[in-house]
2 protein chains.
Amino acid sequence: MNTAQTNQSQPHVVIVGGGFGGLYAAKALGKAPVKVTLIDKRNFHLFQPLLYQVATGSLSPADIASPLRVVLGKNKNTHVLLDRVVDLDPQTQKVYLQDHPELDYDILIIATGVSHHYFGNEHWQATAPGLKTVEDALEIRRRIFLAFEAAEKETDPEKRQAFLTFAIVGGGPTGVELAGAIAEIAHGSLKNEFRNIDTSETRILLLEGMDRLLPPYPAELSAKAQSSLEKLGVTVKTKALVTEIAEDVITVKYGDHSEQIRSNTILWAAGVKASRMGKALAERTGAELDRVGRVMVEPDLTIAGYPNIFVIGDLANFPHQGEKPLPGVAPVAIQEGEYVAKLISKRLKNQTMPPFRYFDVGNLAVIGQNSAVVNLGFIKLSGLLAWLIWVFAHIYYLIEFDNKLIVMVQWGWNYFTRGRGARLITDQKITPDGKQVETEANQYELLKN
Amino acid sequence: MNTAQTNQSQPHVVIVGGGFGGLYAAKALGKAPVKVTLIDKRNFHLFQPLLYQVATGSLSPADIASPLRVVLGKNKNTHVLLDRVVDLDPQTQKVYLQDHPELDYDILIIATGVSHHYFGNEHWQATAPGLKTVEDALEIRRRIFLAFEAAEKETDPEKRQAFLTFAIVGGGPTGVELAGAIAEIAHGSLKNEFRNIDTSETRILLLEGMDRLLPPYPAELSAKAQSSLEKLGVTVKTKALVTEIAEDVITVKYGDHSEQIRSNTILWAAGVKASRMGKALAERTGAELDRVGRVMVEPDLTIAGYPNIFVIGDLANFPHQGEKPLPGVAPVAIQEGEYVAKLISKRLKNQTMPPFRYFDVGNLAVIGQNSAVVNLGFIKLSGLLAWLIWVFAHIYYLIEFDNKLIVMVQWGWNYFTRGRGARLITDQKITPDGKQVETEANQYELLKN
């Protein structure tokens, strides 16, 4: 029954990674005369643009995740493997897996994306988590809502203020979205729910190293985003460089002076680095990497010298269009995945294709309910209209999978109730003040005598 | 602003536990001339009757959980504390908390429920988890869906069969619901998604120690439940006593012979014991406990000799109605909570109330899509009509909170698509075959040289 093993006459396309790039490549190859094996370490595709809504209690993980076997279930030529690629050999055309025997490939598509980058301060990760996985989002959700609970308990005013101070490092789309959502939580959702604290006293700091938010966007949208965030109660600090992160204090340098800010909830949205497959590719193929470890690709998304190895999505640095590499966003990954699938089909017919060109669908960043900024190139929008475009763009992409209905209803419900029903504090191991929370087994020990 | 501390003229009602009993008591006291403090270790009320749907990938945790501060937000006399009670002193009328200073109470309502009971084999817990918390449900969900993935990878036929064998210990409502849902997953949702295994070969064993399923129900409904489960593909074994549980084998004794069954997924739905507050109450007040540690209560739900301490819900053993104690189900807890709230209000007016009497709303257990058994006392139902009653009864109770809309839509969606969108394998630390899964940090180590 293992189609990938038994049908020996067709070329075997191995795709590593079930994000936007890998998944859209697999979908587009569903009817091609090839065998496809998609390998991912998770059993689901994650709709990452909405992950911040999980982190801030608006959606559940399952609302933005689709089981890969469901999405690709109709593609009879496709085999989904839950596994990790640990190495590859481009000479013998094999990938080595953690749990399975090695796989022979004819064509390899690498789409393993990026992870957080702490610029040499990897020890900050425990204190200032980033937002890439479902587990990250649940951890951030736990920290945000536990901070308000801890503030409600705290009697020392200074410590209480530290619990009510949220510092978000990085003013790109993720930082802007997190800051806006936390402001709405503090000033909207939680209003009147506590008895000892006034959640409207919450301080939300958005720290950006450059001179404006959303640096890749036009300057006027950066300004709009900043004023919208300020209206929501966010303090935006630009040219702000984080020099130290400790358990409950963050040190920020502005030009020639520094500030220490006490905060128990520090979130990292500042940088990404390529996943480890980039390094493996460089070692095995001599592929060139950029400064954050992304793989430099040819105009047809292959690696120089290896026409049967493609790199797509966030892991690829595509320098052949515009002044800067293409941004690490979902539409780029989707178009790259579809391009590679088409190129493979063409090659099987001995046809050629022009080099890849990204069709720019614009940039979106949401600030809060009713507010977003949108750059469509020919027009720049902000406010409610931009927000509606953001909503429909996301529903359009979600429609491709199986989650659209629930997310639409949940959004509608949240919109009218301003509620955040998914604000569960789960899997709590330590409280923000560092105390160990007991397991059921040792709870009885706690009883005083 | 701490109403519980500042308004000294009104009696202070302290409620421990935000399950059905505690929450309905707090809701009913919202307009009474008392100060209320509800203490729970979690920030949400869990709609436990639907927890098995989270464990089997139909619903997300947030769909069946409501933040306590939201549910009680409108009760201005009520203070919600996220904390654990570690002890109490009925003489000075204080409860001691883990994170807060002690609280003085005038009236104490204990509603801390029950946890799993392994009948002296607590070491089985790691291998055979029970289903009480959100974390339990996510762990069971992870194990169920990972077992199919592991079977897909496994080449040894015997080991593969062990991955495709699910043993559920305990034929009460939870066991019946889990077995039915796993059968639907294997024979419905996952059909055609794998390439190396045929999920319809999955063995689902439901092991019950008594001579029939659902022992508290009328015998004819037990028989209906068994035949419905068998139609779904479940193997029901009654008079089956589990004598040993090891990593991938469960030993079952039937009368005078034993059987060893290889299974990598063993789930525990066999017994409960009282939460630790029962023991604390017994030590501090001399309250009598039953065999599983539940507190024997007076006809007005107080503890003998302590008219201002109430015990309600699953933690209470109420022996004053019928031949057996009242069952540990949500309607009993709800009615007890509402009774105590009313009794407290009456007492403040120097009025009395007759002893508590449970108004039996019937028993429900769901077997699968379109199939349930319902005992309303005057009528016994099974099949589609019973299932519809089950659906509407649950939506009716959910309506009291804020989740009804999403759950209805999700159910409608699942019903028509037979999908299980929430089947994410998250937070995976070990695979069923015991291998450690790497964290991002040590992944690169894996690269072979």
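The values are calculated or read from the model by the stated rules, or taken from the named source; none is laboratory data. All values derive from a computational prediction rather than experimental measurement. Don't worry about glycine lacking a Cβ; one is built from the backbone with ideal geometry, like all the others, and counts go over all protein chains shown.
At-a-glance table
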{"read-out": "Matching residues in the stretch A:255-300 - criterion: being hydroxyl-bearing (Ser, Thr, Tyr) and without any contact (Cβ under 8 Å) to a residue 40 or more places away in the chain", "value": "A:258"}
{"read-out": "Filtered residues of the stretch B:42-87 (kept if acidic (Asp, Glu) and more than 23 Å from residue B:184 (Cβ to Cβ))", "value": "B:83, B:87"}
{"read-out": "Residue within the stretch A:48-60 that is at positive phi and not hydrophobic (A, V, I, L, M, F, W, C) present", "value": "yes"}
{"read-out": "Test: residue in the stretch A:346-356 that is surrounded by fewer than 20 Cβ atoms within 10 Å (Cβ to Cβ) and β-branched (Val, Ile, Thr)", "value": "yes"}
{"read-out": "Only listed residue being exposed (fewer than 15 other Cβ atoms within 10 Å of the Cβ), on the phi > 0 side of the Ramachandran plot and out of contact with any Cys (no Cβ under 9 Å at 6 or more places or on another chain), chosen from B:322, B:362", "value": "B:322"}
{"read-out": "When residues of the stretch B:185-215 are limited to those that are crowded, with 20+ Cβ neighbours inside 10 Å and assigned to a helix (DSSP H, G or I), the one nearest to the other protein chains (Cβ to nearest Cβ)", "value": "B:189"}
{"read-out": "Those residues of the stretch A:232-248 which are without any contact (Cβ under 8 Å) to a residue 60 or more places away in the chain and on the phi < 0 side of the Ramachandran plot, in sequence order", "value": "A:234, A:235, A:237, A:240, A:241, A:243, A:244"}
{"read-out": "Within the stretch A:216-301, strands (runs of 3 or more DSSP E) holding 1 or more residues that are away from every other protein chain (no Cβ under 14 Å)", "value": "A:234-237, A:240-246, A:249-254, A:257-262, A:265-268"}
{"read-out": "Residue selected from the stretch B:10-67 under the condition of a type in the set (D, E, K, R) and assigned to a loop (DSSP other than H, G, I, E, B), by the criterion farthest from residue B:87 (Cα to Cα)", "value": "B:31"}
{"read-out": "Sole residue being more than 11 Å from chain B (Cβ to nearest Cβ) and in contact with a Lys or Arg (Cβ under 7 Å, 6 or more places away or on another chain), chosen from A:111, A:128, A:55", "value": "A:55"}
{"read-out": "Residue satisfying condition, being modelled with pLDDT of 90 or more and surrounded by 19 or more Cβ atoms within 10 Å (Cβ to Cβ), within set A:29, A:59, A:50", "value": "A:29"}
{"read-out": "Residue A:89, sole failed condition from (1) at the interface with chain B (Cβ under 8 Å from one of its Cβ atoms); (2) closer than 28 Å to residue A:285 by Cβ; (3) in contact (Cβ under 8 Å) with a residue 12 or more places away in the chain; (4) over 12 Å from the mean Cα position of the chain (by Cα)", "value": "(1)"}
{"read-out": "Hey, residue B:42 within 8 Å of chain A (Cβ to nearest Cβ), out of contact with any Asp or Glu (no Cβ under 9 Å at 6 or more places or on another chain) and surrounded by fewer than 24 Cβ atoms within 10 Å (Cβ to Cβ) or not", "value": "yes"}
{"read-out": "Failed item in (1) surrounded by fewer than 24 Cβ atoms within 10 Å (Cβ to Cβ); (2) modelled with pLDDT of 90 or more, with residue B:5 passing the rest", "value": "(2)"}
{"read-out": "Where a residue in the stretch A:123-145 is assigned by TED's automatic domain parsing to the domain that holds residue A:199 and over 13 Å from residue A:54 (Cα atoms) and its partner, wherever it lies, is in a helix (DSSP H, G or I) and of a type in the set (Val, Ile, Thr), with Cβ under 8 Å and at least six apart", "value": "A:129/A:140"}
{"read-out": "Flag if residue B:238 is modelled with pLDDT of 95 or more and of a type in the set (Ser, Thr, Tyr)", "value": "yes"}
{"read-out": "Qualifying residue in the stretch B:82-103 (condition: farther than 22 Å from residue B:316 by Cβ and buried (at least 23 other Cβ atoms within 10 Å of the Cβ))", "value": "yes"}
{"read-out": "The one condition in (1) over 22 Å from the mean Cα position of the chain (by Cα); (2) at pLDDT below 80; (3) of a type in the set (D, E, K, R) that residue B:423 fails to fulfil", "value": "(1)"}
{"read-out": "Lone qualifier among A:386, A:393, A:372 - being at pLDDT below 95, part of a strand (DSSP E or B) and under 28 Å from residue A:65 (Cβ atoms)", "value": "A:372"}
{"read-out": "Residue, farthest from the chain's Cα centre (by Cα), within the stretch B:58-75, restricted to residues that are more than 21 Å from residue B:366 (Cβ to Cβ) and more than 9 Å from chain A (Cβ to nearest Cβ)", "value": "B:75"}
{"read-out": "Residue that is nearest to the chain's Cα centre (by Cα), among those in the stretch A:130-181 that are part of a loop (DSSP other than H, G, I, E, B) and acidic (Asp, Glu)", "value": "A:154"}
{"read-out": "Any hit, the stretch B:12-35, residues being of a type in the set (Ser, Thr, Tyr), within 14 Å of another protein chain (Cβ to nearest Cβ) and over 16 Å from the mean Cα position of the chain (by Cα)", "value": "no"}
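Conditions (1) in contact with a Ser or Thr (Cβ under 9 Å, 6 or more places away or on another chain); (2) of a type in the set (Lys, Arg), marked per residue:
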| residue | (1), (2) |
| --- | --- |
| B:140 | yes, no |
| B:143 | yes, yes |
| B:146 | yes, no |
| B:154 | no, no |
| B:159 | no, yes |
| B:167 | yes, no |
| B:170 | no, no |
| B:174 | no, no |
| B:178 | yes, no |
